[in-house]
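Worksheet: one structure, shown below.
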Amino acid sequence: QVQVVESGGGLVQPGGSLRLSCAASGSIGRLYAMGWYRQAPGKQRELVATITSGSGGSTNYVDSVKGRFTISRDNAKNTVYLQMNSLKPEDTAVYYCFAQIHAGLSIDPYWGQGTQVTVSS
């Protein structure tokens with residue numbers, strides 16, 4: 001079995017920072033791309049950031065977080081991070097981690113349970 005577990009959400013004031021973590025564990029054959037989605041109340045789930053596997057990992061961000069959020073990964077720990085700076089109220093959402101994992105005969109996406117990020121004064 002494979003588990004993907006997020007941590008690091010919470011309440012922060014506008015302009016503040018948070019760091020989300022997401023660790024994959026279990027019967028992992030190989031870990032490919034990892035990333036974060038978010039879903040705000042009444043809105044569709046939005047892809048926030050992704051990072052590919054391998055040293056150096058190529059990254060991509062949704063325009064609204066460019067320059068404020070940084071995605072990184074520690075391949076030795078099967079962990080991906082999302083450093084969020086200069087947070088805005090519109091960043092409030094449940095953040096979901098995903099990991100593309102080869103754990104059997106195919107490569108499938110695995111999801112975390114979500115972590116709430118609330119930006120409010």
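The values are calculated or read from the model by the stated rules, or taken from the named source; none is laboratory data. From a predicted model like this one, the values you see are computed outputs, not experimental measurements. Here the Cβ positions follow ideal geometry from the backbone for every residue, glycine too, while neighbour counts run over all protein chains shown. The accessibility values were calculated without ligands, DNA or RNA, using every heavy atom of the protein model including side chains. Shrake-Rupley method; radii C 1.70, N 1.55, O 1.52, S 1.80 Å.
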Does Val48 qualify as being part of a strand (DSSP E or B), of a type in the set (A, V, I, L, M, F, W, C), within 14 Å of Val5 (Cα to Cα) and free of Cβ contacts under 8 Å to residues at least 60 places away in the same chain?
-> no
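One line per residue, one yes/no per condition, for (1) assigned to a strand (DSSP E or B); (2) not hydrophobic (A, V, I, L, M, F, W, C):
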residue	(1), (2)
Gln3	yes, yes
Ser21	yes, yes
Leu31	yes, no
Met34	yes, no
Ser55	no, yes
Asn60	yes, yes
Leu82	yes, no
Looking at the stretch 40-89, which of the residues that are open to solvent by less than 50 Å² (accessible area, probe 1.4 Å) and among the aromatic types (Phe, Trp, Tyr) is nearest to Gly8 (Cα to Cα)?
-> Tyr81
Under 6 Å between Cβ atoms, at least 6 apart or on separate chains: pull out the pairs that start in the stretch 69-86 with a residue that is farther than 11 Å from Leu20 by Cα and end on any residue that is surrounded by fewer than 19 Cβ atoms within 10 Å (Cβ to Cβ) and polar (S, T, N, Q).
-> Asn85/Ser17
Take Ala33 and decide whether it is touching a residue at least 24 places away in the same chain (Cβ under 8 Å), farther than 12 Å from Ala93 by Cβ, surrounded by 14 or more Cβ atoms within 10 Å (Cβ to Cβ) and among the small types (Gly, Ala, Ser).
-> yes
